[in-house]
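Visitor: Okay, here's the structure, questions in a sec.
Quick note: the coordinates plus some simple rules give every number you see, no bench work behind them. Here the structure is a predicted model, which is why all the values come from computation and not from measurement. Using ideal geometry, Cβ is built from the backbone for each residue, glycine included, and neighbour counts are taken over all protein chains shown.
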Amino acid sequence: MILLDRVTKKYARSEGQALDRVSLHVEPKEFVIVVGQSGAGKTTLLRLLTREERPTSGKIIIGGIDYDKLKDKDIPLLRRKIGVVFQDFKLLPNKTVFENVAFALEIVGVSNREIRHTVPKVLDIVNLKGKEDRMPRQLSGGERQRVAIARAIVRQPRILIADEPTGNLDPKHAWDVIKVLEKINRYGTTVLLTTHNKDIVDKLKRRVVTIQNGKVASDRANAGYKH
C-alpha cells in the first residue's frame, strides 16, 4: 500500500538532509503512528506522500502508483486516494458542518443527490449526527476536528494521514478524535497518525515508527513511546 525505498529529500540552502535514505512499508488497513521531535522529518515525509514535495532520490509507491511515473495531471486523482487531516482544522467558517463536508464532494463534481446521500453517513461515522446545521464557531475543538476528518474521508480515500490531529485539543476531545480514527481504520482505511502525545502512543499499542534526524530510528509493532 505505502512503500518508500531509500527515499532522500534535500532542501536547498539548508545543512544536511530533511530525509536520509528512509525505507518504510505500510500494509493496507494498517494503523501506524509516526513520532519524532519537531524538525525530525515527519512533515517532509507526509508532504512526499501527498506529492507536495518530490524526493531527491529513492522510490515511492502508494496504492500501486509509482511516483516516478506520476504525471502532474494525475496528482488530483492520487490525492483523492489520500485524505489529510491537520492540527488546525482548516474548516470554512461561513459554512455549516454539512456544507463543509459536502464541499469536498462538490469540488470534484459529485451530484447533489449523492451528496445528500453520502454526507449524513459520514457525519454518523464521526459521531456528529444532529450537528449538520451548526457553524464551526458553535462547535468544540474536538467536534471541529471530527468535521475535518469527515471532510477528509467523504471521498472514501484508501489512506488517511492525520498530522498532529489532537495537538490543539484537551485530553477528552483528543481521545474522541483518536476513537474516530480507530473506527475509520476498522472500516478498512489505512491510517498514518503523527503525534507528540505520549499518552496516546502508549495506550494505542499500535506500530510506532520513530523518525530522528531524517532517518527511521526505530520501527516497532505494538510499541509504546520510546526515547
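Visitor: When the dipole is taken about the Cα centre of the chain, and only Lys, Arg (+1) and Asp, Glu (-1) are charged at their Cβ, what size is it in debye, to the nearest 20?
Guide: 240
Visitor: Hey, another quick one. Looking at Gly39, Gly188, Ile200, which one has the Cα that reaches farthest to the positive end of the dipole of the chain (charges on Cβ: Lys, Arg +1; Asp, Glu -1)?
Guide: Gly188
Visitor: Once you have the Kirkwood Rh of the chain from its Cα pairs, apply Stokes-Einstein at 20 °C and 1.002 mPa s and quote D in µm²/s.
Guide: 118
Visitor: For the range 122-180, state what percent of all Cα-Cα pairs lands in each successive 5 Å bin, counting from 0 Å until the bin that includes the largest distance.
Guide: P(r) over the range 122-180, rounded to whole percents: 4, 19, 32, 25, 16, 4, 0.
Visitor: Scale the Cα Rg of the range 162-227 by the rule-of-thumb value 2.2 N^0.38 Å and send over the ratio, two decimals.
Guide: 1.11
Visitor: Rounded to the nearest 500, what is the 222 nm mean residue ellipticity of the chain from helices alone, with -39500 (n - 2.57) per DSSP H run of 4+ residues and division by all residues?
Guide: -9500 deg cm²/dmol
Visitor: Also, I was wondering about something else. Select from Met135, Asn213, Ser23 the residue farthest towards the positive end of the dipole of the chain; place +1 on Cβ of Lys and Arg, -1 on Cβ of Asp and Glu, and compute about the Cα centre.
Guide: Ser23
Visitor: Run the Debye formula on the Cα coordinates of the range 8-98, all scatterers equal and no solvent, and tell me log10 I(q)/I(0) at q = 0.11, 0.14, 0.16 1/Å.
Guide: For the range 8-98 at q = 0.11, 0.14, 0.16 Å⁻¹, log10 I(q)/I(0) is -0.40, -0.64, -0.81.
Visitor: Shifting gears a bit: With angles folded into 0 to 90 degrees, how steeply does helix 97-106 sit against the dominant principal axis of the chain? Use alpha carbons for both and round to 10.
Guide: Orientation of helix 97-106: about 60 degrees from the principal axis.
Visitor: In Å and from the alpha-carbon atoms only, list the Rg and Dmax of the range 148-187.
Guide: Rg, Dmax (Cα atoms, Å): 10.3, 29.
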